[in-house]
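Data block below; observations after.
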Amino acid sequence: MMGTKGLLLIFDGMGDRPVPELGEKTPLEAADSPNLDRAASDGVNGIMDPIAPGVRPGSDTSHLAYIGLDPYRVYSGRGPIEAAGIGLDVKPGDIAFRCNFSTVDEDMVVTDRRAGRIVEGTDQLARLLDGMEIEGVKVILKESVAHRGALILRGEGLNADVSDVDPHEEGRPLHWAKALDSGSEKTARVLNELVKISHEKFSEHELNEKRAEEGLPPANVLLPRGAGKLSQVRTFEERYGIKGAAIAEVGLIYGVASIGGLDIIRVTGSTGGLDTDAMEMIKAAIRATEDHEFVMMNIKGCDIAGHDGDAEAKVKMVEKIDRAVGYLLSHSTDDMYVVLTADHSTPVSIMNHSGDPVPVCMLGRGVRVDDVKEYGERSCSKGGLGRIRGSDLMDILLDLMDRAEKFGA
Ligand code: ZN
Ligand code: ZN
């Protein structure tokens, strides 16, 4: 017997705005979602600003806030989260970057940022540099999906205020890194040296000879960007005295989870796309509560439909989620508290994240059930939770779970 459990289900980018083709309903309002509505009826509801009113959250910053970390303190760039997301052990003080394996010509002009959408062999290139030392700084490099990878510089005297080497556009020369403040000069120097070495070593590698024979552009340089320094973070267990796990579909969320000290659980059938197996994910989340008091789950699909501007696909994704939530409602146990929310809105009309608040529903024993009968952006705003922030979520959940500490006497 482990006592109460908390299950935080985050539907990525689910929030939206009224859509004319849906009769001025949001995709969530338009969807046939009896189970989400049942949850709203049985729970206490509200509306939530993931970071603060009007702030457009990234998926990473909102998830940090939801698991009780201050994104303004912890988040200094996407690098550390990407690196953690592909399984690198990022340590406090490390400078981490996202990077591409790319193509440059003889004048170091970037001709293809994705090296012809390279799919194979970047692991061989990463090994050429991984483990090197430059000025006493250790280089850790790991390939990720396709042309992507993550880089860590580990050593004394490093800071993350350096400009991107990646020019972010093809047809432009790569930008040698510049220190943006006086504490980051060594980082810029080491980074530039590494990029030079990457060009030399990658160019000579047999992988690129083979690519040339096949008429493919060579992956002949490493282009780092998004420098960030990981600050000291106490583990989830240290902060809350309970064990937490995360189930997600994309590296970015796993990166947040890993930095936040949650155990990573992968689910077969979770694709990160609209075709994902939401039901398997929900089942895995329920199983995870057997040995974790807290489980966070992110299902990505709604965000993809939002970025695509595809209202119909978003409605369908909500309906798929609804069926999985139906399974959860009929299998949740008496000691379980469930939170249903989104990490931000991704309105189909703007095809990007917006600062609109998201619906939030909490259910479990003893919650102050309100009059809300429908799970939606506007209906939930009339509920008993009122308007909260992402940083309030963990406190409210832990209090419901009877795991909060008293403030004062
Ligand atoms: Zn997101
Ligand atoms: Zn998004």
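A short reminder: the numbers here are calculations on the coordinates, not readings from a lab. Everything numeric here is computed off the predicted structure, so don't read it as measured data. A quick note on method: Cβ atoms are made from the backbone with ideal geometry, for glycine too, and the neighbour counts reach across all protein chains shown.
If you take the Cα centroid of region 126-201 and the Cα centroid of region 210-254, the two points sit 15 Å apart. Projecting the Cα atoms of ALA188, GLY171, VAL109 onto the charge dipole of region 82-228 (Cβ charges, centred on the Cα centre) puts ALA188 farthest toward the positive pole.
About its Cα centre, the dipole of the chain is roughly 740 debye, where the only charges are +1 on Lys and Arg Cβ and -1 on Asp and Glu Cβ. For the pair ASP181 and GLN232 in one chain, pulling the backbone fully straight at 0.36 nm per residue adds 16.2 nm over the alpha carbon distance. One chain, two ends: TYR72 and LYS138. Fully extended at 0.36 nm per residue, the span grows by 21.0 nm beyond their Cα-Cα distance. Compactness ratio for region 286-342: Cα radius of gyration over 2.2 N^0.38 Å (N = residue count) comes to 1.33.
Each of ALA126, LEU88, SER203 was placed along the dipole of region 82-228 (beta-carbon charges, centred on the mean Cα), and the one lying farthest toward the positive end is LEU88. Around the amide H of ALA246, modelled in the peptide plane, lie the amide H atoms of ASP263, ILE264, ILE265, MET296, all under 5 Å away and 5 or more residues distant in sequence or on another chain. Only alpha carbons enter this Debye calculation for region 186-265, each as an equal point scatterer, and the log10 of I(q)/I(0) it gives at q = 0.17, 0.19, 0.21, 0.23 Å⁻¹ is -0.82, -0.86, -0.91, -0.98. Each semi-axis of the equivalent ellipsoid for region 1-139 is √(5λ) with λ an eigenvalue of the Cα gyration tensor; in descending order they amount to 41, 23, 15 Å.
At a 10 angstrom cut-off on C-beta neighbours, averaged per residue, how do the peptides 202-214, 130-142, 66-78 rank from highest to lowest?
By packing density, highest mean first, the sequence is 66-78, 130-142, 202-214.
Calculated over region 82-228, the projected area of the Cα convex hull averaged across directions stands at 7.8 nm². With both residues required to sit in the chain, DSSP beta bridges show an antiparallel share near 60%.
Name the helices (complete DSSP H segments) of the chain with a Cα length along the long axis of 24 Å or more and a Kyte-Doolittle mean of at least -0.5, or state none.
Helices meeting the criterion: 311-331.
Extension gain for the segment ILE197 to VAL145, taken as residue separation times 0.36 nm less the Cα-Cα distance, is 16.5 nm to one decimal. Binning the alpha carbon pair distances of the chain at 20 angstrom intervals from zero yields the distribution 27, 51, 22, 1, expressed in whole percent.
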